[in-house]
Amino acid sequence: SLYLPAPTRSGNRIGPSSKNPIGSSNAIVSTTGGSTATTAALTKNKNKNRVPSYADRCDAALRFSKLPADQRKLPSNKKTMFVPRSTADFDDGGSFPEIHVAQYPRHMGNPHLEKRHGGGGGGGGGSESSNNPKGRAIITKDVLSATVDATGKVSYDAIVTGGTNADKKVYSKHSDLRGCQPSQEDIALPTQDDAASTAERTQRALSALLSSKVALDKPTGSAIVAAKDSATVHERTQFVRYTPNENAPGYNPQASQRVIRMVPAQIDPMQPPKHMHRKAPRGPAEDPVPVLHAPPEKLSKEEREAWNVPACISNWKNTRGYTIPLDKRLAADGRGLRDDATINSQFAVLSESLYVAERQAREEVRTRAAVQKRL
(Lines give C-alpha, C1' and ligand atoms only; values in the text may rest on other atoms or scores of the structure.)
Protein backbone atom coordinates (compact mmCIF):
# COMPACT_ATOMS: atom_id res chain seq x y z
CA SER A 1 0.00 0.00 0.00
CA LEU A 2 1.14 3.55 -0.69
CA TYR A 3 1.93 5.91 2.15
CA LEU A 4 -0.05 9.14 2.09
CA PRO A 5 1.22 12.11 4.16
CA ALA A 6 -0.78 14.22 6.55
CA PRO A 7 -3.06 16.72 4.77
CA THR A 8 -1.54 20.15 4.34
CA ARG A 9 -2.70 23.20 2.45
CA SER A 10 -0.88 23.45 -0.82
CA GLY A 11 -0.76 26.27 -3.31
CA ASN A 12 0.46 23.96 -6.06
CA ARG A 13 -2.42 21.66 -7.12
CA ILE A 14 -0.68 20.31 -10.19
CA GLY A 15 1.05 16.99 -9.75
CA PRO A 16 4.56 16.58 -11.13
CA SER A 17 4.53 15.16 -14.62
CA SER A 18 8.31 14.80 -14.91
CA LYS A 19 9.96 11.45 -14.41
CA ASN A 20 12.83 12.92 -12.41
CA PRO A 21 13.11 12.09 -8.69
CA ILE A 22 10.93 14.15 -6.49
CA GLY A 23 13.84 15.43 -4.48
CA SER A 24 15.43 17.12 -7.50
CA SER A 25 14.74 20.69 -8.50
CA ASN A 26 12.90 19.66 -11.68
CA ALA A 27 10.10 17.86 -9.78
CA ILE A 28 8.46 21.12 -8.60
CA VAL A 29 6.87 23.46 -11.11
CA SER A 30 8.98 26.57 -11.40
CA THR A 31 8.93 29.60 -13.65
CA THR A 32 12.62 30.50 -13.33
CA GLY A 33 14.75 29.98 -16.35
CA GLY A 34 11.75 29.63 -18.71
CA SER A 35 10.77 31.72 -21.68
CA THR A 36 8.42 34.68 -21.58
CA ALA A 37 5.54 32.68 -23.10
CA THR A 38 5.88 29.94 -20.49
CA THR A 39 5.94 32.50 -17.67
CA ALA A 40 2.82 34.21 -19.01
CA ALA A 41 0.95 30.91 -19.36
CA LEU A 42 1.83 29.82 -15.82
CA THR A 43 0.87 33.24 -14.45
CA LYS A 44 -2.48 33.07 -16.25
CA ASN A 45 -3.23 29.59 -14.88
CA LYS A 46 -1.94 30.31 -11.40
CA ASN A 47 -5.36 30.91 -9.93
CA LYS A 48 -7.07 28.25 -12.05
CA ASN A 49 -7.55 25.01 -10.14
CA ARG A 50 -6.88 21.87 -12.15
CA VAL A 51 -7.35 18.48 -10.54
CA PRO A 52 -4.60 16.02 -11.53
CA SER A 53 -5.60 12.74 -13.07
CA TYR A 54 -5.68 9.42 -11.24
CA ALA A 55 -2.45 8.26 -12.88
CA ASP A 56 -0.65 11.48 -11.89
CA ARG A 57 -1.80 11.14 -8.28
CA CYS A 58 -0.66 7.53 -8.11
CA ASP A 59 2.75 8.39 -9.61
CA ALA A 60 3.20 11.25 -7.15
CA ALA A 61 2.27 8.99 -4.20
CA LEU A 62 4.67 6.30 -5.44
CA ARG A 63 7.55 8.75 -5.74
CA PHE A 64 6.74 10.20 -2.33
CA SER A 65 6.75 6.74 -0.72
CA LYS A 66 10.30 6.12 -1.98
CA LEU A 67 11.69 9.19 -0.18
CA PRO A 68 13.43 8.86 3.17
CA ALA A 69 11.62 9.80 6.33
CA ASP A 70 13.53 13.08 6.80
CA GLN A 71 12.72 14.28 3.26
CA ARG A 72 9.01 13.53 3.57
CA LYS A 73 8.70 16.24 6.21
CA LEU A 74 9.96 18.94 3.90
CA PRO A 75 7.21 21.41 2.82
CA SER A 76 8.46 21.38 -0.78
CA ASN A 77 7.84 17.63 -1.03
CA LYS A 78 4.46 17.78 0.69
CA LYS A 79 3.24 20.38 -1.79
CA THR A 80 3.52 17.89 -4.63
CA MET A 81 0.76 15.73 -3.11
CA PHE A 82 -2.77 16.67 -4.14
CA VAL A 83 -5.17 17.05 -1.19
CA PRO A 84 -8.75 18.23 -1.88
CA ARG A 85 -9.69 21.16 0.34
CA SER A 86 -12.25 23.36 -1.43
CA THR A 87 -15.41 22.48 -3.33
CA ALA A 88 -13.68 23.30 -6.62
CA ASP A 89 -11.14 20.50 -6.02
CA PHE A 90 -13.90 17.90 -6.42
CA ASP A 91 -14.91 19.31 -9.83
CA ASP A 92 -18.66 18.68 -9.34
CA GLY A 93 -17.93 15.07 -8.40
CA GLY A 94 -17.51 12.91 -5.33
CA SER A 95 -14.62 12.26 -3.01
CA PHE A 96 -11.35 10.55 -3.91
CA PRO A 97 -11.26 7.09 -2.26
CA GLU A 98 -7.51 6.66 -2.79
CA ILE A 99 -6.75 9.80 -0.72
CA HIS A 100 -7.06 8.86 2.96
CA VAL A 101 -8.14 12.21 4.38
CA ALA A 102 -11.49 13.58 5.52
CA GLN A 103 -13.33 14.90 2.45
CA TYR A 104 -16.64 16.79 2.26
CA PRO A 105 -17.84 17.27 -1.37
CA ARG A 106 -20.28 20.21 -1.53
CA HIS A 107 -19.79 20.43 2.27
CA MET A 108 -22.09 17.44 2.80
CA GLY A 109 -21.79 16.40 6.42
CA ASN A 110 -19.06 18.93 7.13
CA PRO A 111 -18.92 19.33 10.95
CA HIS A 112 -16.62 22.36 10.71
CA LEU A 113 -19.01 24.41 8.61
CA GLU A 114 -21.03 25.61 11.59
CA LYS A 115 -17.92 26.70 13.47
CA ARG A 116 -16.62 28.52 10.41
CA HIS A 117 -19.72 30.70 10.22
CA GLY A 118 -19.80 31.50 13.92
CA GLY A 119 -22.45 29.18 15.29
CA GLY A 120 -24.49 28.73 12.09
CA GLY A 121 -27.58 30.85 12.47
CA GLY A 122 -30.92 29.59 11.29
CA GLY A 123 -30.97 26.29 13.17
CA GLY A 124 -28.40 24.55 11.00
CA GLY A 125 -31.00 23.41 8.46
CA GLY A 126 -29.09 24.84 5.52
CA SER A 127 -25.84 26.75 5.26
CA GLU A 128 -24.04 28.61 2.51
CA SER A 129 -20.30 28.99 2.16
CA SER A 130 -19.12 32.60 1.78
CA ASN A 131 -15.65 31.72 0.49
CA ASN A 132 -16.90 29.53 -2.34
CA PRO A 133 -14.38 29.77 -5.18
CA LYS A 134 -16.96 29.43 -7.97
CA GLY A 135 -19.81 31.31 -6.31
CA ARG A 136 -22.05 28.25 -5.80
CA ALA A 137 -24.63 28.14 -3.05
CA ILE A 138 -23.73 25.22 -0.78
CA ILE A 139 -26.94 23.98 0.86
CA THR A 140 -26.99 20.83 2.95
CA LYS A 141 -30.68 20.60 3.85
CA ASP A 142 -31.53 18.28 0.94
CA VAL A 143 -29.21 15.47 2.03
CA LEU A 144 -31.06 12.23 2.76
CA SER A 145 -30.18 10.28 5.86
CA ALA A 146 -29.16 6.67 5.36
CA THR A 147 -31.73 4.09 6.41
CA VAL A 148 -31.47 0.33 6.80
CA ASP A 149 -33.88 -2.41 5.83
CA ALA A 150 -35.02 -5.47 7.78
CA THR A 151 -31.75 -7.30 7.11
CA GLY A 152 -29.58 -4.45 8.41
CA LYS A 153 -28.27 -3.35 5.01
CA VAL A 154 -28.42 0.23 3.76
CA SER A 155 -31.67 0.91 1.90
CA TYR A 156 -31.01 3.10 -1.12
CA ASP A 157 -34.63 3.23 -2.29
CA ALA A 158 -35.72 5.89 0.22
CA ILE A 159 -35.66 8.52 -2.52
CA VAL A 160 -38.24 6.66 -4.63
CA THR A 161 -40.51 5.42 -1.83
CA GLY A 162 -41.34 8.89 -0.52
CA GLY A 163 -43.39 11.81 -1.81
CA THR A 164 -46.27 10.76 -4.05
CA ASN A 165 -45.10 7.14 -3.88
CA ALA A 166 -45.53 6.91 -0.10
CA ASP A 167 -48.85 5.06 -0.40
CA LYS A 168 -47.80 2.89 -3.37
CA LYS A 169 -45.91 -0.34 -3.75
CA VAL A 170 -42.59 0.52 -5.45
CA TYR A 171 -40.46 -2.34 -6.79
CA SER A 172 -36.89 -1.06 -6.63
CA LYS A 173 -34.83 -4.14 -5.77
CA HIS A 174 -33.39 -6.89 -7.90
CA SER A 175 -35.06 -9.48 -5.70
CA ASP A 176 -38.44 -8.21 -6.88
CA LEU A 177 -37.73 -9.70 -10.31
CA ARG A 178 -37.19 -13.19 -8.97
CA GLY A 179 -40.01 -15.65 -8.69
CA CYS A 180 -41.03 -16.95 -5.28
CA GLN A 181 -43.15 -19.72 -3.91
CA PRO A 182 -46.22 -18.10 -2.35
CA SER A 183 -47.44 -19.30 1.00
CA GLN A 184 -50.96 -20.30 1.91
CA GLU A 185 -51.54 -16.92 3.55
CA ASP A 186 -50.57 -15.07 0.36
CA ILE A 187 -52.94 -17.00 -1.88
CA ALA A 188 -55.78 -17.26 0.64
CA LEU A 189 -59.16 -15.88 -0.44
CA PRO A 190 -60.25 -12.60 1.18
CA THR A 191 -62.73 -12.72 4.00
CA GLN A 192 -66.23 -11.30 3.86
CA ASP A 193 -65.19 -8.17 5.74
CA ASP A 194 -62.27 -7.53 3.37
CA ALA A 195 -64.47 -8.04 0.32
CA ALA A 196 -67.16 -5.71 1.72
CA SER A 197 -64.63 -2.98 2.56
CA THR A 198 -63.01 -3.25 -0.87
CA ALA A 199 -66.39 -3.06 -2.60
CA GLU A 200 -67.32 -0.02 -0.52
CA ARG A 201 -64.09 1.78 -1.36
CA THR A 202 -64.56 0.96 -5.04
CA GLN A 203 -68.12 2.27 -4.96
CA ARG A 204 -67.03 5.50 -3.31
CA ALA A 205 -64.31 6.02 -5.90
CA LEU A 206 -66.72 5.39 -8.80
CA SER A 207 -69.32 7.70 -7.23
CA ALA A 208 -66.75 10.47 -6.93
CA LEU A 209 -65.82 10.11 -10.60
CA LEU A 210 -69.45 10.07 -11.72
CA SER A 211 -70.38 13.08 -9.58
CA SER A 212 -67.50 15.09 -11.02
CA LYS A 213 -68.57 14.19 -14.57
CA VAL A 214 -72.24 14.99 -13.92
CA ALA A 215 -71.38 18.29 -12.26
CA LEU A 216 -69.64 19.44 -15.45
CA ASP A 217 -72.82 18.90 -17.49
CA LYS A 218 -75.01 20.96 -15.18
CA PRO A 219 -75.48 24.69 -15.92
CA THR A 220 -73.60 27.11 -13.74
CA GLY A 221 -73.21 30.84 -13.27
CA SER A 222 -75.91 33.29 -14.30
CA ALA A 223 -78.18 30.58 -15.72
CA ILE A 224 -78.65 29.05 -12.26
CA VAL A 225 -79.31 32.45 -10.72
CA ALA A 226 -81.82 33.36 -13.43
CA ALA A 227 -83.67 30.06 -13.06
CA LYS A 228 -83.81 30.47 -9.29
CA ASP A 229 -85.10 34.05 -9.61
CA SER A 230 -87.83 33.07 -12.07
CA ALA A 231 -88.98 30.25 -9.83
CA THR A 232 -89.15 32.33 -6.65
CA VAL A 233 -90.16 35.65 -8.13
CA HIS A 234 -93.62 35.49 -6.51
CA GLU A 235 -92.22 34.61 -3.10
CA ARG A 236 -89.77 37.47 -3.12
CA THR A 237 -92.21 40.08 -4.41
CA GLN A 238 -92.81 42.79 -1.77
CA PHE A 239 -95.44 45.56 -1.52
CA VAL A 240 -94.40 48.77 0.17
CA ARG A 241 -96.91 51.42 1.31
CA TYR A 242 -95.64 54.93 1.94
CA THR A 243 -97.03 58.43 2.44
CA PRO A 244 -95.46 61.18 0.29
CA ASN A 245 -94.30 64.47 1.72
CA GLU A 246 -96.79 67.29 1.30
CA ASN A 247 -94.04 69.88 0.73
CA ALA A 248 -92.35 67.79 -1.98
CA PRO A 249 -92.66 69.07 -5.55
CA GLY A 250 -95.30 67.27 -7.60
CA TYR A 251 -97.38 66.37 -4.56
CA ASN A 252 -100.91 65.21 -5.48
CA PRO A 253 -103.41 65.64 -2.63
CA GLN A 254 -105.74 63.08 -4.21
CA ALA A 255 -103.10 60.33 -3.74
CA SER A 256 -102.19 60.69 -0.09
CA GLN A 257 -100.75 57.16 0.06
CA ARG A 258 -99.08 54.98 -2.56
CA VAL A 259 -98.29 51.27 -2.88
CA ILE A 260 -95.13 50.10 -4.71
CA ARG A 261 -94.40 46.52 -5.76
CA MET A 262 -90.72 45.48 -5.42
CA VAL A 263 -89.67 42.58 -7.68
CA PRO A 264 -86.16 41.18 -8.26
CA ALA A 265 -84.39 42.41 -11.38
CA GLN A 266 -84.37 40.05 -14.33
CA ILE A 267 -80.96 38.54 -15.13
CA ASP A 268 -80.02 37.82 -18.69
CA PRO A 269 -78.92 34.15 -18.85
CA MET A 270 -76.79 34.82 -21.94
CA GLN A 271 -74.70 37.60 -20.48
CA PRO A 272 -70.95 36.89 -20.19
CA PRO A 273 -69.46 36.20 -16.76
CA LYS A 274 -68.32 39.21 -14.79
CA HIS A 275 -65.38 37.47 -13.15
CA MET A 276 -62.09 36.52 -14.77
CA HIS A 277 -61.34 32.87 -15.40
CA ARG A 278 -57.96 31.97 -13.97
CA LYS A 279 -56.29 28.65 -14.65
CA ALA A 280 -55.37 26.83 -11.47
CA PRO A 281 -51.69 25.90 -11.16
CA ARG A 282 -50.84 22.35 -12.02
CA GLY A 283 -50.23 20.07 -9.10
CA PRO A 284 -46.89 18.43 -8.40
CA ALA A 285 -45.86 15.67 -10.77
CA GLU A 286 -45.64 12.12 -9.56
CA ASP A 287 -42.27 10.93 -8.42
CA PRO A 288 -40.52 8.61 -10.85
CA VAL A 289 -40.17 4.93 -10.08
CA PRO A 290 -37.35 2.63 -11.18
CA VAL A 291 -37.92 0.54 -14.29
CA LEU A 292 -36.86 -3.03 -13.56
CA HIS A 293 -36.05 -5.19 -16.57
CA ALA A 294 -34.02 -8.26 -17.30
CA PRO A 295 -30.67 -7.93 -19.11
CA PRO A 296 -31.01 -7.92 -22.89
CA GLU A 297 -30.67 -11.22 -24.69
CA LYS A 298 -29.39 -11.74 -28.19
CA LEU A 299 -32.19 -12.79 -30.52
CA SER A 300 -31.80 -15.63 -32.93
CA LYS A 301 -32.49 -15.39 -36.65
CA GLU A 302 -35.82 -17.21 -36.32
CA GLU A 303 -37.00 -14.86 -33.59
CA ARG A 304 -36.03 -11.79 -35.60
CA GLU A 305 -37.92 -13.08 -38.63
CA ALA A 306 -40.92 -13.93 -36.47
CA TRP A 307 -41.07 -10.38 -35.08
CA ASN A 308 -40.34 -8.68 -38.41
CA VAL A 309 -43.01 -6.08 -39.09
CA PRO A 310 -43.15 -4.97 -42.76
CA ALA A 311 -43.33 -1.29 -43.59
CA CYS A 312 -46.73 0.27 -44.20
CA ILE A 313 -47.19 0.78 -47.96
CA SER A 314 -50.34 2.42 -49.26
CA ASN A 315 -52.10 1.13 -52.35
CA TRP A 316 -53.53 4.57 -53.14
CA LYS A 317 -50.85 7.14 -52.29
CA ASN A 318 -47.26 7.31 -53.49
CA THR A 319 -46.40 10.99 -53.18
CA ARG A 320 -42.65 10.53 -53.59
CA GLY A 321 -42.99 8.30 -56.63
CA TYR A 322 -41.07 5.32 -55.29
CA THR A 323 -40.88 2.09 -57.28
CA ILE A 324 -42.12 -0.51 -54.81
CA PRO A 325 -41.52 -4.19 -55.62
CA LEU A 326 -44.54 -6.45 -55.71
CA ASP A 327 -43.26 -8.71 -52.93
CA LYS A 328 -42.91 -5.73 -50.60
CA ARG A 329 -46.37 -4.50 -51.49
CA LEU A 330 -47.90 -7.93 -50.92
CA ALA A 331 -46.01 -8.27 -47.63
CA ALA A 332 -47.42 -4.93 -46.47
CA ASP A 333 -50.88 -5.94 -47.64
CA GLY A 334 -50.87 -9.00 -45.42
CA ARG A 335 -52.20 -11.41 -48.02
CA GLY A 336 -49.39 -13.88 -47.43
CA LEU A 337 -50.33 -14.18 -43.74
CA ARG A 338 -53.70 -15.73 -44.46
CA ASP A 339 -53.88 -19.53 -44.34
CA ASP A 340 -57.44 -19.95 -45.58
CA ALA A 341 -56.47 -19.72 -49.26
CA THR A 342 -57.25 -22.91 -51.22
CA ILE A 343 -56.14 -23.84 -54.76
CA ASN A 344 -58.79 -25.05 -57.15
CA SER A 345 -58.18 -28.50 -58.67
CA GLN A 346 -59.13 -27.22 -62.13
CA PHE A 347 -55.77 -25.40 -62.32
CA ALA A 348 -54.04 -28.80 -62.54
CA VAL A 349 -56.53 -30.00 -65.19
CA LEU A 350 -55.92 -26.85 -67.23
CA SER A 351 -52.13 -27.16 -67.07
CA GLU A 352 -52.33 -30.84 -68.05
CA SER A 353 -54.65 -30.05 -71.01
CA LEU A 354 -52.27 -27.37 -72.26
CA TYR A 355 -49.35 -29.78 -72.02
CA VAL A 356 -51.22 -32.49 -74.01
CA ALA A 357 -52.34 -29.99 -76.65
CA GLU A 358 -48.79 -28.71 -77.07
CA ARG A 359 -47.49 -32.29 -77.48
CA GLN A 360 -50.11 -33.12 -80.10
CA ALA A 361 -49.34 -29.94 -82.02
CA ARG A 362 -45.66 -30.84 -82.07
CA GLU A 363 -46.46 -34.31 -83.41
CA GLU A 364 -48.64 -32.87 -86.21
CA VAL A 365 -45.93 -30.41 -87.23
CA ARG A 366 -43.34 -33.19 -87.29
CA THR A 367 -45.62 -35.45 -89.44
CA ARG A 368 -46.41 -32.63 -91.90
CA ALA A 369 -42.71 -31.86 -92.29
CA ALA A 370 -41.92 -35.56 -93.00
CA VAL A 371 -44.65 -35.80 -95.69
CA GLN A 372 -43.44 -32.66 -97.46
CA LYS A 373 -39.89 -34.05 -97.47
CA ARG A 374 -41.01 -37.26 -99.22
CA LEU A 375 -42.83 -35.34 -101.95
Study note, to complete from the structure: A231 vs (1) over 30 Å from G162 (Cα atoms); (2) in contact (Cβ under 8 Å) with a residue 12 or more places away in the chain: all pass except (2)
Review point. When you go through P249, P284, P296 one by one, which is the residue that is open to solvent by 100 Å² or more (accessible area, probe 1.4 Å) and touching a residue at least 40 places away in the same chain (Cβ under 8 Å)?
Key: P284
Revision key, fill the gap. With criteria (1) touching a Lys or Arg at 6+ places or on another chain (Cβ under 9 Å); (2) loosely packed, with under 10 Cβ neighbours inside 10 Å, V289 comes up short on (2)
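Residue-wise test of (1) in contact with a Gly (Cβ under 9 Å, 6 or more places away or on another chain); (2) assigned to a helix (DSSP H, G or I); (3) modelled with pLDDT under 90.
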| site | (1), (2), (3) |
| --- | --- |
| P296 | no, no, yes |
| R304 | no, yes, yes |
| T319 | no, no, yes |
| V349 | no, yes, no |
| R368 | no, yes, no |
| V371 | no, yes, no |
Check your understanding: Just checking, how many residues over the stretch 211-224 are assigned to a helix (DSSP H, G or I) and modelled with pLDDT of 70 or more?
Key -> 8
Exercise for review: Filter the stretch 153-182 down to residues that are among the hydrophobic types (A, V, I, L, M, F, W, C) and closer than 14 Å to D287 by Cβ and give me whichever is surrounded by the fewest Cβ atoms within 10 Å (Cβ to Cβ).
Suggested key: A166
Point to revise | Selection status of Q203, over 30 Å from I260 (Cβ atoms), more than 32 Å from the chain's Cα centre (by Cα), part of a loop (DSSP other than H, G, I, E, B) and polar (S, T, N, Q) | key: no
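The values are calculated or read from the model by the stated rules, or taken from the named source; none is laboratory data. Everything numeric here is computed off the predicted structure, so don't read it as measured data. Methodologically, a virtual Cβ is constructed for each residue, glycine included, from the backbone with ideal geometry; neighbour enumeration extends over all protein chains shown. Calculation scope for accessible area: heavy atoms of the full protein, side chains included, ligands and nucleic acids excluded. Shrake-Rupley method; radii C 1.70, N 1.55, O 1.52, S 1.80 Å.
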